[in-house]
Amino acid sequence: MSALGHHLLVEFTGCEAAVLADLDRVTAAMLEAARVSGATIVTHSFHHFSPHGVSGAVIIAESHLAIHTWPEYGFAAVDFFSCGGVDMDRGLACLKAAFDAQAETRLELERGPLRTVSP
């Protein structure tokens, strides 16, 4: 292992606006994404903004899965950080399908590179 954790910053574009505006559907999609990735869900919290948009996070034993949506732009920003054996690709595929996203872009970061961290 070369890092303490892996962090994916994902942008979903061309998403279904009605889904991104729906607190219950975003919450369900995020919880399902955590489950299918093999993460251990600890707790979650989501909030619907007025007039639209949802932000929230699923806290997992391995770290977190967070989101903010802009339904008016068909856009969702997702943040998936794991320091354990989580299949982030499976979780993100679940979200892409749930949001009916037309495209996604990813930025992957190593967090806490072991070569620079001292105990």
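Residues in the range 10-21 carry Karplus couplings, in order, of 10, 10, 9, 10, x, 7, 6, 4, 4, 5, 5, 8 Hz; the curve used is 6.51 cos²θ - 1.76 cosθ + 1.60 with θ = phi - 60°, and Gly or Pro positions show x.
Percent of Cα pairs in the chain per distance bin of 10 Å, from zero to the largest separation: 15, 46, 28, 9, 2.
Straightening the chain between Asp100 and Thr13 buys 30.4 nm, computed as 0.36 nm per residue apart minus the Cα-Cα spacing.
Can you tally the net charge around Phe81? Count Lys and Arg as +1, Asp and Glu as -1, for every other residue whose Cβ sits under 9 Å from the Cβ of Phe81.
Working: positive: Arg111; negative: Glu62, Asp79.
Its environment carries a net charge of -1.
Computed from the alpha carbon atoms alone, the convex hull of the range 14-79 holds 69 Å³ per residue. Computed from the C-beta positions of Ser2 and Ile41 and an R0 of 25 Å, the FRET efficiency is 0.40 to the nearest 0.05.
Between Val54 and Phe49, Thr69, the built amide H atoms are under 5 Å apart, and every one of these is 5 or more places off in sequence or on another chain.
So how much slack lies between Arg25 and Ala93, counting 0.36 nm per residue of separation and subtracting their Cα-Cα distance, in nm? Each step should come with its number before you reach the end.
Values: separation 68, 0.36 × 68 = 24.48 nm, distance 1.58 nm.
Contour length minus Cα-Cα distance gives 22.9 nm.
Working note: Karplus 6.51/-1.76/1.60 with θ = phi - 60° gives the range 90-99 the couplings 5, x, 5, 4, 4, 5, 4, 5, 4, 8 Hz, where Gly and Pro are set to x.
For the chain, the longest principal axis of the alpha carbon atoms and the long axis of helix 23-37 meet at an angle near 30°. Hydrodynamic estimate: the Kirkwood radius of the range 50-119 over Cα pairs, inserted into Stokes-Einstein at 20 °C and 1.002 mPa s, corresponds to D of 154 µm²/s. Taking label positions 7 Å along the Cα-Cβ direction at both Glu72 and Phe49, the computed distance is 1.0 nm, reported to one decimal.
Quick note: the coordinates plus some simple rules give every number you see, no bench work behind them. For clarity, every value in this text was computed on a predicted model and none was experimentally measured. All Cβ positions, glycine included, derive from the backbone under ideal geometry; neighbour counts span all protein chains shown.
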